[in-house]
1. In this structure, is residue A:18 at pLDDT 95 or above, within 19 Å of the chain's Cα centre (by Cα) and farther than 26 Å from residue A:177 by Cβ?
2. Condition first: at pLDDT 95 or above, buried (at least 18 other Cβ atoms within 10 Å of the Cβ) and within 14 Å of chain C (Cβ to nearest Cβ). Can you find one or more residues in segment D:57-68 that meet it?
3. Examine segment A:133-153 for a residue that is within 14 Å of chain B (Cβ to nearest Cβ), without any contact (Cβ under 8 Å) to a residue 24 or more places away in the chain and under 30 Å from residue A:268 (Cβ atoms), and state whether such a residue exists.
4. Name the single residue, out of those in segment D:161-180 being assigned to a helix (DSSP H, G or I) and touching a helix residue (DSSP H, G or I) at 6+ places or on another chain (Cβ under 6 Å), that is farthest from the other protein chains (Cβ to nearest Cβ).
5. Counting only residues that are closer than 21 Å to residue B:102 by Cβ, more than 10 Å from chain B (Cβ to nearest Cβ), over 19 Å from the mean Cα position of the chain (by Cα) and surrounded by fewer than 22 Cβ atoms within 10 Å (Cβ to Cβ), how many does segment A:92-119 have?
6. Just need a number here: residues in segment A:291-322 that are at pLDDT below 90 and under 20 Å from residue A:237 (Cα atoms).
7. Assess whether residue C:210 counts as being without any contact (Cβ under 8 Å) to a residue 24 or more places away in the chain and either surrounded by 22 or more Cβ atoms within 10 Å (Cβ to Cβ) or away from chain B (no Cβ under 14 Å) (or both).
8. Taking residue B:18 as the residue in question, decide whether it is closer than 20 Å to residue B:116 by Cα and free of Cβ contacts under 8 Å to residues at least 40 places away in the same chain.
C-alpha cells in the first residue's frame, strides 16, 4: 500500500491493545434481560474481537491487556491461547479489579447492553508492563480507544503508541468510544486527539468523530473536513464509517473513495466494527490494497452481525471469500 | 417464645435488610467456569434469599436495600415484587454503582463463586433512606452482615437496628461474613460486635464466630464460651451452626439445645444458611417455639441445597411439612 | 471518687488518643488572615493539648496518634517528648498523609480557623497499631472524638476503647465534634453513640450533645434528659459544658451539680475545652473529687483562653492553685 | 524575534496557568523547621511567581488557576489583584480542596520544603473553566508543568494550550517538575512530551529534560541532542538551564548560544527559575531579542535568590537595569 509501509520482517502481523472480557448473550432472542432465562458465554471486548478476527483470517496476532486473577480471567486467556493468539503482553491483576463483563440482549436494535466495568482489570495496565521489544515484533499495533479512558491504562497506551512509532510498527487507532467511561466529551476529545496524532490509520464512525471534534469543530458534519483535520501529525489514512451508508476513506496524499455495505439481516447491533477493523488490517498486512481492505472489512462486518456472537462469528479467509463471491453473483 | 417478644399488631412479619442481586448459575453441573456454555439467571443475594424464604412460607415480608438503575436492578425488583414482597424500602442508585452479581459453578464442594461487587449498589444505602415508620410496621428486622462491610451502608444498617430497638421490632443478625469485603478480621469483628449488641438473635457458623472473637478470644473454639460472650447487651439467643453437625442454640435465660441436620445429597454448597434463617424467623413470628424454628430451619436448608437455585428452591409451608414428615417416617 | 474506679498500680495516669498537629497562630492580634505578616508556630490538636495539660500539672501521660514522616511530624514528636510525654503509641505514616495544621486568627470571637486536614496523618492510625499492653499501663484512656471521623482511625479508636474496658482502664470521651469532618450529623451521632456507650465519662458542650441526639431526641435542649440518655451502657458520668454558663455534671448514681466559670478576658476562643478535660482528669486520677475536678477544669480553661497559645498556656499545678486562690480572694 | 511571532494587538502580554498558593518562610534563617518560632507569609507558587515577575517589570498579565473558597484563597486573590494582575481566569473551588501551602526553611542549600498539596485547589481546574476568548486576549500563554500532574487540571491545561495554538497565542512551557506529584517518571515524561509538542518555547533544567527523556533517550546528558529531540512539533526554542553554569539556548532554525549567570550570594535555593521565565517573557513580548531575554532572565534570577521571598523579591524594570549596569561595571 502506498500510504503506509508495513515492515515485513516481523514475527507478528498485529498486536491488539485494549480490553478482553466476557460477553454474556441473552439465551432468548428479542427478549428483555428481565425475562430471559440465562446467558450464553463468550469471550468478547473490542480488542479481543479484533484479535480473533485477524487471527481467524490466518494472521499471527499478539495481545496487550490485563485480566483479573480469577476464573473469568483464566477463561479469557485460555480461549485466546487456544485460538493461537500470542499472550506475551497479557497481564494478570490481583488487586481486586474484575475482568470486564457485558450482558447483552439479542435484538437487532434498541438492544440493552449492561456493562460491568467498575474497577475493570483492563484499565489496570501500567506503563511498566509495556515491553518495547514485544511491539517491535509486530507489523502493526492496533489500539482500541477505551484503553485511553482511565489511568494507568491511558498512559500505558500512549507509551505503547510512542514505542510503536519509534520502531516502525504501523499504529492503528480504532476509536471505540463509550461515552459513559469519560467525564466529558471534551476530556475524551483531548486524549483521542493525542492518540490520533500518534496513529497512521484512524477508524471511527461519524458519532465518534463528532466527539473528537467537540472542541475544534463543534457541529461539523462534513466528513471531508473532518478527514482533513485528522490527516495531520502522523495520520495517513482516516476511515469514517456510516453504518448503512458504508464507509468513506481519506488519505493524506489526496486519494479518497467510498465503500458500500454488504446488506444482510442483522441479529445483533455490535461486533461489526471489530470485524471490519480485523479484516482491514489482515488485508493490509498481507499485501492487499486499501480498497480491498475496506471491502473485506465491510464483508466481515456483514458476516459477523448475522451471527450470534462476536468472537465466534468472525469469518475465516475461506468464509470471507465465499461470502463475497456469493454476494457478487447475487448482485449481478 | 419466652426469650423474645414479637409484637403481633404489625403489618409485616419481617423486613430483611441487605443485598439483593443476580445469581448466575453454571448451566452445566460439575464443570469449571471456563468450560461451561453459559449461566442460568436467578435473583439472589443473602437478604433476598431470606426474604423469599420467609415469603414463600406464607409470611408478609418487606425489604430494605438498593439496586442500580438498570436492567438488572429492574429485574431484581420485578422478581421480588411478583413474589409479593413489599419494596417500600428498596432504593435505586444512579451514581454508577452496579447491582451485585455472583457467578457460580454447580458443584457440591470446591465450588468457585466469582463475585462482582466493585462499587456495589446495595452498599450505597444511606442513613437518610432509612424510614423509622417502615421498620415500625414489622415484627422483626433481619440484618445480613455484608451490609456492614462498607459506608454508607454500614451506618444505614446500624441506624436501622437502632430504630428497630426503639420501636420494639425484634432484631436478628445473620452474620453472613465474606472476608474479602473487609480490610481485616479485626475491622469486621468491631462492627459485628456492635451489631450483635444491638440484636436479639445472632445466627452464625463457627468460622463466623471465630472472626467475631478475633480480638476478644482469639483461638477459642468452645461454642458455650462463645455464646456467653455474645449473650450480652440486647442479645437473647445465639445460634451457632456447624454444618454437618447441626446447630447449637443458647439462650440468655440458660436454656440451650442442639439440633441435627436433615441429611440429603447437596447439589450446591450455598443457600442453606439463608433458608435456615428464613424458616426460623417464619416459625418464630408465627408462634412456634425456638426448637420448632431451628428444626424447620434445618429442614428448609436441606431442601434448598438439594435444589438448583437459592430463591427458587425455597420450600412452601406444605413442602416443608411434607419433607419433615417423609424424613421422620424414613428414620423410624 | 465513688462513680469511677481508677486503678492505682499503673505506670501512666492517662493515655490520650487523637490528633497532634501544628497550630499556626496569627502574629498580629485582631487582624484578618489576609492581612497578617505571618504565624507563630506551636504544637496543637485537641489530644495533644489535653496530654500537655495533664502532663504540665504533674501527671504521667502517654499518647496514641500518628504523624507524617516529615519535619512537622518530627517537630510534634520532639516537642511532646521534651515535655516528658511517653510516645510509645505514636506512629509515623509515610504514605503521603500530612500532619494536621490549623491556621488561626487571634480574635476573641468570630475567629477564622483554617484547617488543613486533607489526608491527615492522625486519621491513618490502624487497629494493628493499637497495643493492648500499652493501654493496660494507664489509669485512663482519653479519646477525642475527631479520631472517630474516618477509617482506619475510627476502627483503631473503637478497638482501643474496647481494650481499655477489658483491662480496667477508665475510658473518657471528649466529644470534640467538627461537623465538616463528617458526612452528616446522623453519621456522627451513630459513632459517637457507640463511643459514649464504651466510655465511663462523657464530656461535651450543648451543641455536641445536640448532634449526639440527632436521631434519638431531635430538638431536645434539656440537659437532664440528655444526661439520662447517655448514662446508659458503661457511662457513669456525663458533663455538659455551656460556655459562659459553666458546666452541669450528672452521675448514674443520681448525684448531680453545677459549676460556674472563672471569668477572665479571652484572647482566643479555643483551648478551653482541652484544658478543662486535662485538669479534670489530672484531679480525678490523683484522688480528687468530681467537684474538685470540674472546678479545676473550669479554672484551667480560664487560664488557657487568656493566654496566646493552647499548649504553652496550660497551667502548672502551682499556677492553677494560685489562680484559684486569687480568684476566690477577689470574689469575697 | 525571528523564531516566534508575538501578536501585538492583544490586551495582555501574558497569561500564566498554574498554581498560586501561600509560601510560609521560616522566620529564622539557617534554622531547622522544628526550631523556628514561626513563619512569614507570602503569596507563592510557580505560576504566581512568574505572573508577579512579569507584572512587576511593567507588563499586563492574566492568570488561570483555582484557589479554595477560604481565607487563604481570598488572600492569594487579593494580593494578585492588588499587583494589578487580571484574575478573570481564577476559579474558586468549594469542594473541600485546599489552596497549596509550602513551608520552607531559609537556607542557601539543603533547604527543607514541606508542601501541603493533598487535594490541592489548583489541580481542580476543569476544562469547562477554560475560556478560549480569554486566551485570545494574550500574546503568550505560559504553562507551569505541575498543572499537568493530575486530572482534571491536566486536561484543562492541555485544552488551554490547544486553544492558544488555534488563536496565535505563543505557548511557553516552564517544566517545573516535582517528582513526588507523579506516579512515575515515565508517566510524567508522557504528559510533558505532549505539552512540549504544543509549545513554542520549552524551558527546563538538565534534570527536568532527563525526566522528559526517560523513555526516548534514557541516560543522555548531551544538551544538543536533547534540544534536537524537543525542537519538533510546534517547538521553536529550547532553553536548558544548568544552574551555576548558566543556560544553553537552541532554536529550530539552528541558531544557538549560551548565557552565563550573574553571580550573587543566594539566601534561598528557589525562585530563580520563576524570575528567569518572567524576565525572559517580558523581554520577548516587548520586542527584545532572545539573547536579551535570556540575559535579563539570568539577572532577574540572581536578584531574586538574593532576596528573602519569591514574589516580593521580583525586580522592577529599573532594578533589573541598574543591577545589570552595576554588574557590568564591576566585571570590567
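The values are calculated or read from the model by the stated rules, or taken from the named source; none is laboratory data. All of these numbers come straight from a predicted model, not from anything done at the bench. Cβ coordinates were reconstructed from backbone atoms using ideal geometry, including for glycine residues, and neighbour counts include every protein chain displayed.
1. Working: at pLDDT 95 or above: yes; within 19 Å of the chain's Cα centre (by Cα): yes; farther than 26 Å from residue A:177 by Cβ: no.
It is false that residue A:18 is at pLDDT 95 or above, within 19 Å of the chain's Cα centre (by Cα) and farther than 26 Å from residue A:177 by Cβ.
2. yes
3. No.
4. Filtering segment D:161-180 for residues that are assigned to a helix (DSSP H, G or I) and touching a helix residue (DSSP H, G or I) at 6+ places or on another chain (Cβ under 6 Å), the one farthest from the other protein chains (Cβ to nearest Cβ) comes out as D:164.
5. Total satisfying the criteria: 2.
6. Matching residues across segment A:291-322 total 0.
7. yes
8. Values: closer than 20 Å to residue B:116 by Cα: yes; free of Cβ contacts under 8 Å to residues at least 40 places away in the same chain: no.
Answer is no for this residue.
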